[in-house]
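The structure appears below as C-alpha cells.
Just so it is clear, none of the values below were taken in a lab; they were calculated from the coordinates. In this text, all values refer to a predicted model and were calculated from it rather than measured experimentally. For neighbour counting, all protein chains shown are included, and Cβ atoms are generated from backbone atoms with ideal geometry for every residue, glycine included.
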Amino acid sequence: MTQSTIAKIGFIGLGNVGAKLAGSLLRNGYDLTVRDLDESAARPLLDAGAAWSESPRAMAESCDLLITCLPSPAASAAVLEDASDGALAGLSEGKIWAEMSTTDYNEATRLGALVKQRGAMPVDCPVSGGCHRAATGNISIFAGCDRATFDCILPVLTTMGRRILHTGDLGSASILKVLTNYLATANLLSCAEALATAQAAGMDLATTYEAIRISSGTSFVHETESQVILNGSRDINFTMDLVCKDIGLFQSIAEEHGVPLELSPLLVRIFEQARQTYGDREHSPNIIRRYEEATGTKILADGFPSEITDDEPEEPGAEIKPHQQHP
C-alpha cells in the first residue's frame, strides 16, 4: 500500500479523544466509517457524513486503514480477536491497523504479530496533548512501526495531529506514551500540592497561578489542569480509572526491566486511594479533593475557565525529527 491508496478509514472507539480524532478525519474529507458500543456517541459523526459499521470484522474488510481508540488493552484485544466478528478476520494483505489507544506495549506487539499474520501492517500511535488539541487536529502523535508503514500512514496522522514522531519499532510508541502520562500525573499531583500549600499560606490563588505560569515551575499540566482546578469544574476529560491504568502500565515497564523506582509506586498508591474514594469516573484533577478535605478548605479562584479549549488555528501536521546534538 502507498500513501495514495488509503482511501477508506474505519474508526472504532468514539470516546472523549476518539470522537475528536475521527472528527478531524471527516472534517478533512476522508471517507470515514465509525463504530462504538454506544451508537449514540457516533450520532454527530453520522450526521456529518460518516458511515456506520455493524461489526469490527465488516469494517476491517471494507476499509484500507482500521483505527482503534479504546479505553484498555482488554478492549482492543476484544475488538480484534472476538471469535464471531473480530477485526482480525477482516484484515488482509496491504491493510493497516493503527492502535491509537494508550495500551500495554507487550499487548500492542502481541496483537501486531497477529495482524502481520493476516498480511496487514500494525502501528501503535497513541496521542498526547489533551482533548482540546485533539478537537482541533493540533495534538501530538507517536507512531511505532517500520519506516515504510510510517510513510504510508503519515498523511492520515498529519490530518489528526500537528506533531508526528516516528518512535521506532512497534510498541515503542506505547512505552513513550505511558512514560509521558506518568510525568503528567506526577506534575498534576505536585500542582495540587502547590495550590493547597499556597491556599494554606494565605496566598491569592489567581496570583499564585500566574506566578507559577511565568516561572521555572510552569508546565503544560499547570497551564491546563490548574485552571480547571481553580474554576471548580475539574473537567479535563480524563478520569481516575484512566490515570490508574496509565501509571500502572508505566510501573509495570519499570518492574519488567528492573528499575527500582521510588516516586512511581507512591503515585500509584495515592491515585488508587483516590479512585477508591471518589470513584472510577471522577475527574482526575479532583485529586485536589484530598487536600481540600484534609485542610477543610475549597481551592478555588475567580476568572478561570470550566474547560480548556485550543485557541490555536488548525494547521497541517508534520513529522518531528528526534533531537540530534550539533557541534
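Count the lysine pairs in the chain whose Cα atoms sit under 18 Å apart, keeping only pairs 8 or more residues apart in sequence or on different chains.
Working: 8/20; 8/95; 95/116; 177/245; 177/321.
Eligible lysine pairs with Cα atoms under 18 Å apart amount to 5.
Suppose the chain between residue 48 and residue 169 were pulled fully straight at 0.36 nm per residue; how much longer would it get relative to their current alpha carbon spacing?
40.0 nm
Please tell me the relative contact order of the stretch 122-183 in percent, rounded to the nearest whole number, where contacts are Cα pairs under 8 Å and at least six residues apart.
39 percent
Mean residue ellipticity at 222 nm from the helices of the chain, using -39,500 (n - 2.57) per DSSP H segment of n ≥ 4 over the full residue count, to the nearest 500 deg cm²/dmol?
Taking each H run of at least 4 residues, the total per residue is -14500 deg cm²/dmol.
Would you work out the relative contact order for the chain, in percent, from Cα pairs under 8 angstrom that are 6 or more residues apart?
16 percent
What's the ranking of 312-320, 231-239, 181-189 by average number of surrounding C-beta atoms within 10 Å, highest first?
For the peptides 312-320, 231-239, 181-189, the packing ranking is 181-189, 231-239, 312-320.
How compact and how long is the chain, expressed as Rg and Dmax of its alpha-carbon atoms in Å?
20.4, 65
Hey, what did the stretch 3-170 get for relative contact order, percent, Cα under 8 Å, at least 6 apart?
21 percent
How large is ³J(HN,Hα) for each residue in the stretch 36-46, as worked out from phi by the Karplus curve 6.51 cos²θ - 1.76 cosθ + 1.60 (θ = phi - 60°), to whole Hz, x for Gly and Pro?
Rounded to whole hertz, the list is 7, 4, 9, 4, 5, 5, 8, 4, x, 6, 5.
Taking the chain as a Gaussian network, Cα atoms linked when under 10 Å apart, which of 87, 206, 60 shows the biggest mean-square fluctuation?
Comparing 87, 206, 60 in the GNM, the peak value goes to 206.
Rounding to the nearest 20 debye, state how big the charge dipole of the chain is about its Cα centre with +1 on each Lys and Arg Cβ and -1 on each Asp and Glu Cβ.
280 debye
Can you compute 3J(HN,Hα) from phi for each residue in the stretch 284-293, using the Karplus curve 6.51 cos²θ - 1.76 cosθ + 1.60 with θ = phi - 60°, rounded to whole Hz and x for Gly and Pro?
Result, ordered by residue: 4, x, 6, 4, 4, 4, 4, 8, 4, 5 Hz.
Residues in the stretch 95-138, backbone N under 13 Å from the label point at residue 82 (7 Å along the Cα-to-beta-carbon vector): list them, ranges by number please.
What the label zone holds, given the 13 Å backbone N cut-off, is no residue at all.
Using the number of other C-beta atoms within 10 angstrom as an exposure proxy, rank 20, 245 with the fewest first.
245, 20
Most exposed first by the Cβ proxy, i.e. fewest other Cβ within 10 Å, how do 321, 8 rank?
321, 8
How would you rank 304, 11, going from fewest to most other Cβ atoms within 10 Å of each one's own Cβ?
By the 10 Å Cβ count, ascending: 304, 11.
Nearest 20 debye, what's the magnitude of the dipole of the stretch 176-295 about its Cα centre given +1 on Lys and Arg Cβ and -1 on Asp and Glu Cβ?
It works out to roughly 60 debye.
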